[in-house]
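Data block below; observations after.
The values are calculated or read from the model by the stated rules, or taken from the named source; none is laboratory data. What you see is a predicted model, and the numbers here were worked out from it, not measured in a lab. All Cβ positions, glycine included, derive from the backbone under ideal geometry; neighbour counts span all protein chains shown. To get the accessible areas, we keep the full protein, side chains included, count just its heavy atoms, and leave off ligands, DNA and RNA. Shrake-Rupley method; radii C 1.70, N 1.55, O 1.52, S 1.80 Å.
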Amino acid sequence: ATERTLSIIKPDATRRNLTGKINAKFEDAGLRIVAQKRVRLSLAQAETFYAVHSARPFFGELTEFMASGPVVLQVLEGENAIAKNREVMGATNPADAAPGTIRAEFAESVGENSVHGSDAPETAAEEIAFFFAGLEIVG
Ligand code: CMP
């Protein structure tokens, strides 16, 4: 089925000018970028977005990193977009990511891993609604 998923190009990637190279990976995989905006998240916004991880030992590091520089928020659309995006991103830890994936090619560490993608249909809907109004998404 056609799905939508939330993607974030993280501060380690925007800092290294990798937005276009990452977008090319998405588009080459058949994902369409149907919404996109570059923003600087506040610490409070990062904490709310990642609230599900608030008990993890890396929560402070994660949220401070996500607020440390520009991010590119995106909605990707396509056939099985959630799973396809996760495939293109590769494993969370770049050391485990398959060759050719975004994280294998670009990520610096498990924390500074260049991209985020929603992990399931319910979280995709929530994460898209957190950052985008309906009128900002043009399929
Ligand atoms: P993401 O898909 O954005 O969702 C949660 C993030 O937590 C994950 O990507 C990783 O970047 C980050 N994360 C997971 N494990 C660690 C860790 N051990 N140290 C720092 N960050 C981590």
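Rounded to 0.05, the FRET efficiency of the residue 98 and residue 19 pair, given R0 = 22 Å and the Cβ-Cβ distance, is 0.50. Charge dipole of region 69-129 (Cα centre as origin; +1 on each Lys and Arg Cβ, -1 on each Asp and Glu Cβ, all else neutral): 140 debye, rounded to the nearest 20. Backbone phi angles across region 44-59, fed through the Karplus curve with coefficients 6.51, -1.76 and 1.60 (θ = phi - 60°), yield HN-Hα couplings of 4, 5, 5, 5, 5, 4, 9, 3, 4, 9, 5, 8, 6, x, 8, 4 Hz in residue order; Gly and Pro are listed as x. Solvent exposure of residue 28, expressed as accessible area, is near 140 Å², computed with a probe of 1.4 Å over the protein chains only.
Let me make sure I get this right: for region 40-139, a, b and c are the square roots of the gyration tensor eigenvalues over alpha carbons, sorted descending. Under 1.5 in a/c it's rounded, otherwise prolate if a/b > b/c, else oblate. Which is it? Verdict is oblate for region 40-139. Solvent-accessible area assigned to carbon and sulfur over the chain amounts to 51 percent, based on a 1.4 Å probe. Calculated mean residue ellipticity, 222 nm, the chain: -10500 deg cm²/dmol, from DSSP H runs (n ≥ 4) at -39500 (n - 2.57) each, averaged per residue and rounded to 500.
In the context of the full set of protein chains, the chain has a per residue accessible area of 51 Å² (1.4 Å probe).
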